[in-house]
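Just below is one structure, and these are the notes that go with it.
The values are calculated or read from the model by the stated rules, or taken from the named source; none is laboratory data. None of these values were measured; they are calculated from a predicted model. When we count neighbours, we look across all protein chains shown, and the Cβ atoms used for this are built from the backbone with ideal geometry, even at glycine.
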Amino acid sequence: MKTLAIIPFRKQSARIPEKIFKKIQGTELCVSVTSKIINSLKSFDDLEVLAAVDDPQTRDLLLKCLKAKNIIMTDPELPSGTDRVYAAALQYAQKNNISYSSLQAVINIQGDMPFLSESALAEFTKDLKNWDASKELILTPYESWPSDLDYKDLGNVKIATSQSDRALYFSRYPIPCSRNFDFKALKLHVGIYAFTPSALENFCKLSASPLEKLEGLEQLRALDAQIPILCKHVVCKADESFRGIDTPSDLEWAENFKTQNPQSKNSTGEISA
């Protein structure tokens, strides 16, 4: 059973025009992210890394690191990265004469994390071999709150989980909140989702939920539809980060981020079904 790791790329972006073409420490963002994902997942059998793109310029640029058959053109009018991932998964299945429903998992990896943790992504992907692909399930990672990250920043998405690490709620605001607030209780959501085929298909057929519209977080659509979201705690090495590039200040941070640091940590955590 094959797993697809799909990176959705949209040429236009609201806050940073054509951000996927911006060079981060000398390399285009889309190329840097794709290269790290390929390297992270190269040891997995029956796994294909694909890029879902919406314009020829992105396709041509990604030929630096991906074979042409692994770059899939999708409709520029698709409303979200998740819809783009689903469209690419359907195209891949059709072109390779396999049933979409026979896939083990489809992983949606946000395409703007130039220093993503390769070890954490690999550890996250291992868990997909053991889940029941016939069920509706989503798996997503989170980090313990980094001490240097502003918990009041609405761009940093928080997640509240149960004791068995199931997602209870996602918010742009600090959750959970207590009278004696401690930012160490916060969990930082990471922009990676693994779907079973039926979960991805059904998610993309759903309309945006009221909570999704209020928070601007599409994962709340899945919770509202009672699709289980399992969570996995991951830890970045000291010279890695899951921080995405959303604002000009993120670009400045990325240009100065040190990618070589002798101190490191290992990825940890388990999921609960």
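Key figures
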read-out	value
Residue within region 8-15 that is surrounded by fewer than 16 Cβ atoms within 10 Å (Cβ to Cβ), among the basic types (Lys, Arg), assigned to a loop (DSSP other than H, G, I, E, B) and in contact (Cβ under 8 Å) with a residue 60 or more places away in the chain present	yes
Hey, residue 35 out of contact with any strand residue (DSSP E or B) (no Cβ under 9 Å at 6 or more places or on another chain), under 21 Å from residue 245 (Cβ atoms) and free of Cβ contacts under 8 Å to residues at least 40 places away in the same chain or not	no
Breaking point among (1) out of contact with any strand residue (DSSP E or B) (no Cβ under 9 Å at 6 or more places or on another chain); (2) among the small types (Gly, Ala, Ser); (3) modelled with pLDDT of 95 or more; (4) within 14 Å of residue 111 (Cα to Cα), for residue 13	(3)
Residue in region 72-92 that is modelled with pLDDT of 95 or more, of a type in the set (Asp, Glu), in a helix (DSSP H, G or I) and within 20 Å of the chain's Cα centre (by Cα) present	yes
Test for residue 43: is it surrounded by fewer than 18 Cβ atoms within 10 Å (Cβ to Cβ) and either on the phi > 0 side of the Ramachandran plot or without any contact (Cβ under 8 Å) to a residue 40 or more places away in the chain (or both)	no
Matching residues, region 101-114, being in a loop (DSSP other than H, G, I, E, B) and surrounded by fewer than 24 Cβ atoms within 10 Å (Cβ to Cβ)	103, 104, 110
Residue in region 129-141 that is surrounded by 15 or more Cβ atoms within 10 Å (Cβ to Cβ) and over 30 Å from residue 91 (Cα atoms) present	no
Selection count, region 125-163, where residues are in contact with a His (Cβ under 8 Å, 6 or more places away or on another chain) and of a type in the set (Phe, Trp, Tyr)	1
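Each row is one residue, and each column tells you yes or no for (1) modelled with pLDDT of 90 or more; (2) surrounded by 18 or more Cβ atoms within 10 Å (Cβ to Cβ).
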position: 173; (1), (2): yes, no
position: 241; (1), (2): yes, yes
position: 248; (1), (2): yes, no
position: 267; (1), (2): no, yes
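Every residue, every condition in (1) within 20 Å of the chain's Cα centre (by Cα); (2) part of a loop (DSSP other than H, G, I, E, B); (3) surrounded by 15 or more Cβ atoms within 10 Å (Cβ to Cβ); (4) among the acidic types (Asp, Glu), yes or no:
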{"position": "168", "(1), (2), (3), (4)": "yes, no, no, no"}
{"position": "179", "(1), (2), (3), (4)": "no, yes, no, no"}
{"position": "194", "(1), (2), (3), (4)": "yes, no, yes, no"}
{"position": "199", "(1), (2), (3), (4)": "yes, no, yes, no"}
{"position": "212", "(1), (2), (3), (4)": "yes, no, yes, yes"}
{"position": "217", "(1), (2), (3), (4)": "yes, yes, yes, no"}
{"position": "220", "(1), (2), (3), (4)": "yes, no, yes, no"}
{"position": "223", "(1), (2), (3), (4)": "yes, no, yes, no"}
